[in-house]
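Input: one structure, supplied below.
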Amino acid sequence: MVLAAGRGERMRPLTDATPKPLLRVRGQPLIQWPMQALAQGGFVRQLINIAWLGEQIPAHFGERVTWPGLPEVQLTYSHEGQDFGQALETAGGIVRALPQLADVFWVVAGDVFAPDFVFAPEAVQRFAASDALAHVWLVPNPAHNVGGDFGLSPEGLVLNLAKGAAGRDHTFSTIALYKKAFFADGGLPPGNPQGVALALAPLLRAAMDRGQVTGEVYKGPWTDVGTPERLAQLNI
């Protein structure tokens, strides 16, 4: 699942007429980078959730897309804006799409640039065989998030540390593997038929407190394209 429903308020005025995932980075839409990386790993059934100016995304990609050297990708869309008039936040959007997702599935934000990340089938197999309900990739804290999001134990458990605590050295990259059971804690039925908005962070933190979230650090290039300045920097 590629997340693409947000408004992109901090990117205005660029996102007033163009959904953030279609803003161009190095000659192609920002969202195309994770889509191609998923295809490179053999993950060719991809679901994109859309809301703000969302119909521009299926209008651009259609239901099947092929890039040189990559297998054909089959696309489906979760129309949060069309169905409910708004985006459902991250967890609400994922629960909305759950009936269309595999028991173990990738999630990546469509506005994160991590061109060297490898979506490996072996990672899926290891996670599926583990007791964890989520496996997340963390990055060293960037300049815009010096306080970090989480800690990481030597055993690979992601730690829900208080703000300002020692060891809160990592930022969530948005790239993760989940099992459907992870979202049972949110209290929403699969498919989220009422269109309830639900944030992801509280679910992640609660699962971390139960020891159910594992993780690892990704040290390759990574940018949360959250401001026009960061977008411009990538295009220099």
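The values are calculated or read from the model by the stated rules, or taken from the named source; none is laboratory data. The structure displayed is predicted, hence computed values, not measured ones. With ideal geometry, Cβ positions are generated from the backbone for all residues, glycine too; neighbour counts draw on all protein chains shown. Surface areas here come from the heavy atoms of the whole protein model, side chains and all, with no ligands, DNA or RNA. Shrake-Rupley method; radii C 1.70, N 1.55, O 1.52, S 1.80 Å.
Mind checking whether some residue in segment 170-179 is out of contact with any helix residue (DSSP H, G or I) (no Cβ under 8 Å at 6 or more places or on another chain) and open to solvent by 40 Å² or more (accessible area, probe 1.4 Å)?
no
Would you check if ALA129 is touching a Lys or Arg at 6+ places or on another chain (Cβ under 9 Å) and farther than 11 Å from ALA5 by Cβ? Show your work before the answer.
Values: touching a Lys or Arg at 6+ places or on another chain (Cβ under 9 Å): no; farther than 11 Å from ALA5 by Cβ: yes.
Against the criterion (touching a Lys or Arg at 6+ places or on another chain (Cβ under 9 Å) and farther than 11 Å from ALA5 by Cβ), ALA129 does not qualify.
Inside segment 208-229, can you point out the residues that are touching a Ser or Thr at 6+ places or on another chain (Cβ under 8 Å) and either hydrophobic (A, V, I, L, M, F, W, C) or at pLDDT 95 or above (or both)?
Our first condition is that a residue be touching a Ser or Thr at 6+ places or on another chain (Cβ under 8 Å); within segment 208-229, this holds for 214, 218, 222, 224.
Matches in segment 208-229: THR214, TYR218, TRP222.
Hey, another quick one. Please go through segment 120-151 and pick out each residue that is in contact with a Leu (Cβ under 8 Å, 6 or more places away or on another chain) and either over 29 Å from GLY164 (Cβ atoms) or surrounded by fewer than 18 Cβ atoms within 10 Å (Cβ to Cβ) (or both).
Matches in segment 120-151: ALA123, VAL124, PHE127.
I've got another one for you. Working only within segment 1-20, note down all residues that are at pLDDT below 95, outside any helix (DSSP H, G or I) and either open to solvent by less than 10 Å² (accessible area, probe 1.4 Å) or in contact with a strand residue (DSSP E or B) (Cβ under 8 Å, 6 or more places away or on another chain) (or both).
THR15, PRO19
Do any strands (runs of 3 or more DSSP E) lying entirely in segment 21-119 carry at least 1 residues that are open to solvent by 60 Å² or more (accessible area, probe 1.4 Å) and in contact (Cβ under 8 Å) with a residue 12 or more places away in the chain, and which ones are they? Explain how you work it out, then say what you get.
Working: elements: 45-50, 73-79, 104-109.
In segment 21-119, the matching strands (runs of 3 or more DSSP E) lie at 45-50, 73-79.
Could you please tell me which pairs satisfy a Cβ distance under 8 Å, a separation of 6+ or placement on different chains, a first residue in segment 205-228 that is free of Cβ contacts under 8 Å to residues at least 60 places away in the same chain, and a second residue that is open to solvent by 30 Å² or more (accessible area, probe 1.4 Å) and hydrophobic (A, V, I, L, M, F, W, C)?
Close Cβ pairs satisfying both conditions: MET208/LEU157; MET208/LEU159; GLY211/LEU157.
Which condition number does ASP169 fail, the rest of (1) of a type in the set (Asp, Glu); (2) touching a Pro at 6+ places or on another chain (Cβ under 8 Å); (3) under 21 Å from VAL225 (Cβ atoms) being met?
With respect to (1) of a type in the set (Asp, Glu); (2) touching a Pro at 6+ places or on another chain (Cβ under 8 Å); (3) under 21 Å from VAL225 (Cβ atoms), ASP169 is out only on (3).
Does any residue of segment 99-117 turn out to be within 25 Å of VAL225 (Cα to Cα), of a type in the set (A, V, I, L, M) and in contact with a Gly (Cβ under 6 Å, 6 or more places away or on another chain)? Break it down stepwise before answering.
As a first pass, look at segment 99-117 and keep what is within 25 Å of VAL225 (Cα to Cα): 105-117.
Checking the rest, the ones that are also of a type in the set (A, V, I, L, M) come to 107-109, 112, 114.
Those still in the list that are in contact with a Gly (Cβ under 6 Å, 6 or more places away or on another chain) too: none.
No, every residue in segment 99-117 fails to be within 25 Å of VAL225 (Cα to Cα), of a type in the set (A, V, I, L, M) and in contact with a Gly (Cβ under 6 Å, 6 or more places away or on another chain).
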